[in-house]
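Below is one structure, written out as structure tokens; comments come after it.
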Amino acid sequence: MLNPKKANSYIYNAFLGSFPDIDESLSKNISYGRMSEFVNYGTSKFDRVVNLSTRIITDYASLKSKYTFKKLGEIARYSASRINCSELSISTYVGVDNLLPNVLGKVDSQFLPQEGTATSFSENNILLSNIRPYLKKIWYANNSGGASGDVLVLEVFSEDVFPKYLYYHLATDRFFDFEMQHVKGVKMPRADKNAVLNYPIPIPPFEVQQKIVAEIGAIETEEILVNTEIQGSKDAIGSLYDDRETEYKDIFLNQIVKCNPSKSELADTSDDTIVSFVEMASVSNEGYIITTVNRPLLDIRKGSYTYFRENDVIIAKITPCMENGKCALAVGLTNGIGMGSSEFHVFRCGDRIFPRYLFCYLNRPFIRNEAEKRMTGASGHRRVPISFYEQLTIPLPPLNKQKEIVAKIEQYEAKIEQLKKHLVDLNAMKNDVLERHLN
């Protein structure tokens, strides 16, 4: 156990990248992060909520190799060429929205500036998102085009490295952890471009690089097939509602659902009551609550927190959390009560609609796209007004039909979960390929 008197010293030195007086054999058990990454700034006042679910930065240099290492900056450089946005089409413009994490390929952009310039990229360039929430997004370009200012374009200039080999190194958690150590800024944190160029890459002979590219490429082909199957299941869930939209009469959501119920409902609840606290970071982009923290109601009753109960639906209203799909069906709450970020909208079902049916209807890309169009506020702090949901219409089949729809959705979701586990296994296989050939 560390000496408590040295606590401040360890914290200070963590930001300098070192830990004093710690045995080298224990170094792998030490990790750290910037305090700004742990604090929830989701409310208008500092509320002292610590975000313990933030990813802890780990030892990025754990990859061992018998080959010589070179810094990324000795292999590749950032593109400095510019292209007028007027010369680009939607299929040749890349922003952070249409970069996919660790997947070879991209989707159509939803936004193409009509004026200004973009960073030019060519086939075989590597595109990296440079904004904190999207650092894992990376793409190996198979065509030429232009990228937004939030995307870094890497051009490989070294004759000792295949671009695809370098791409496979940068599409790892190891590189992501390295970037996280060099994030700067508060409002819009970004990875330090110059620091990123210090990332070490082992340089094996060409024949070894070719084997790595071929083996990981085969795994990646399977990854794409699995992702296609996942998307097919998601589309099938959407079609379950699309079919009903013509079969049943639409009804306004606020006629069957209570939107943002008042905390006055807690007036008679004892201050000693333990409730579940859910911060924004504790809600997954996949539609569920990751973790909750038990807190006395007294500690949070008077804050600007959002109140909800068991089986309520919570949806992020602020950008980019809403667009990313942060929402959940609140289940398993302590004493059936939850409090969370002020940036949630809450929906409580009446006796004409099942919570699960409502959640699955609202948790669709189509609804999020429509909500995005109605956002108000300044850039970076845009929010979906509750009026969007109050005026939203929803097809309302009888309760027995709703049960049938939910049962089918759960079957598709179970399949998606299995496919996602397979993706995790495939990612581990890619890391194994690197380590096997480089050790």
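The values are calculated or read from the model by the stated rules, or taken from the named source; none is laboratory data. Computed from a prediction, not measured in an experiment: that's the story for all the values here. FYI the Cβ positions are ideal-geometry reconstructions off the backbone, even for glycines, and counts take in every protein chain you see.
Scanning segment 166-184 for residues that are of a type in the set (A, V, I, L, M, F, W, C), part of a helix (DSSP H, G or I) and within 13 Å of TYR134 (Cα to Cα) yields a total of 2.
In segment 247-301, the residue that is surrounded by the most Cβ atoms within 10 Å (Cβ to Cβ) out of those that are free of Cβ contacts under 8 Å to residues at least 12 places away in the same chain, farther than 18 Å from HIS345 by Cα and of a type outside the set (Gly, Ala, Ser) is ASP299.
Out of the residues in segment 333-365 that are in a loop (DSSP other than H, G, I, E, B) and out of contact with any Lys or Arg (no Cβ under 8 Å at 6 or more places or on another chain), which is modelled with the lowest pLDDT? Ranking the candidates gives ARG364 first.
Does PHE121 count as modelled with pLDDT of 90 or more, more than 18 Å from ARG190 (Cα to Cα) and aromatic (Phe, Trp, Tyr)? Yes: the conditions hold for PHE121.
All conditions in (1) in contact (Cβ under 8 Å) with a residue 12 or more places away in the chain; (2) more than 17 Å from SER262 (Cβ to Cβ) hold for ILE337, with the sole exception of (2). Screening the candidates LEU154, LEU197 for the property of being out of contact with any helix residue (DSSP H, G or I) (no Cβ under 7 Å at 6 or more places or on another chain), over 30 Å from GLN411 (Cα atoms) and at pLDDT 90 or above yields one hit, LEU154. Have a look at ALA414, ALA407, ALA378, ALA428 and point out the one that is under 30 Å from VAL186 (Cβ atoms), out of contact with any helix residue (DSSP H, G or I) (no Cβ under 9 Å at 6 or more places or on another chain) and either free of Cβ contacts under 8 Å to residues at least 24 places away in the same chain or part of a loop (DSSP other than H, G, I, E, B) (or both). Answer to the check: ALA378. Considering only segment 159-167, I want to know if a residue exists there that is farther than 27 Å from LEU88 by Cβ and at pLDDT below 90. Among the residues of segment 159-167, not one is farther than 27 Å from LEU88 by Cβ and at pLDDT below 90, which makes the answer no. Applying the criterion of being touching a strand residue (DSSP E or B) at 6+ places or on another chain (Cβ under 8 Å) and among the charged types (D, E, K, R) to the residues of segment 340-396, the residue that is surrounded by the fewest Cβ atoms within 10 Å (Cβ to Cβ) is GLU390. Among the residues of this structure, ILE237 counts as one that is aliphatic (A, V, I, L, M) and surrounded by 16 or more Cβ atoms within 10 Å (Cβ to Cβ). From the list SER304, SER276, SER264, SER270, the lone residue that is out of contact with any Lys or Arg (no Cβ under 6 Å at 6 or more places or on another chain), at pLDDT 90 or above and assigned to a strand (DSSP E or B) is SER276. Beta carbons closer than 6 Å, at least 6 apart along the sequence or on distinct chains, pair a first residue in segment 128-155 that is in the same structural domain as GLN181 (by TED's automatic domain parsing) with a second that is at pLDDT 90 or above and of a type in the set (Lys, Arg) for GLU155/ARG77.
Among the residues of segment 243-251, are any outside any helix (DSSP H, G or I) and touching a helix residue (DSSP H, G or I) at 6+ places or on another chain (Cβ under 9 Å)? Yes, that holds for at least one residue. Among the residues of segment 405-417, are any in contact with an Asp or Glu (Cβ under 8 Å, 6 or more places away or on another chain), surrounded by 13 or more Cβ atoms within 10 Å (Cβ to Cβ) and hydrophobic (A, V, I, L, M, F, W, C)? Looking through segment 405-417, none of the residues is in contact with an Asp or Glu (Cβ under 8 Å, 6 or more places away or on another chain), surrounded by 13 or more Cβ atoms within 10 Å (Cβ to Cβ) and hydrophobic (A, V, I, L, M, F, W, C). Only one entry of ASP150, ASP177, ASP173 meets the criterion of being more than 27 Å from ALA428 (Cβ to Cβ) and of a type in the set (D, E, K, R), and that entry is ASP150.
Summed over segment 56-107, residues that are at pLDDT below 60 and in contact with a Pro (Cβ under 8 Å, 6 or more places away or on another chain) total 1. Would you check if ALA236 is at pLDDT 95 or above, over 16 Å from CYS327 (Cβ atoms), over 21 Å from the mean Cα position of the chain (by Cα) and in a helix (DSSP H, G or I)? No.
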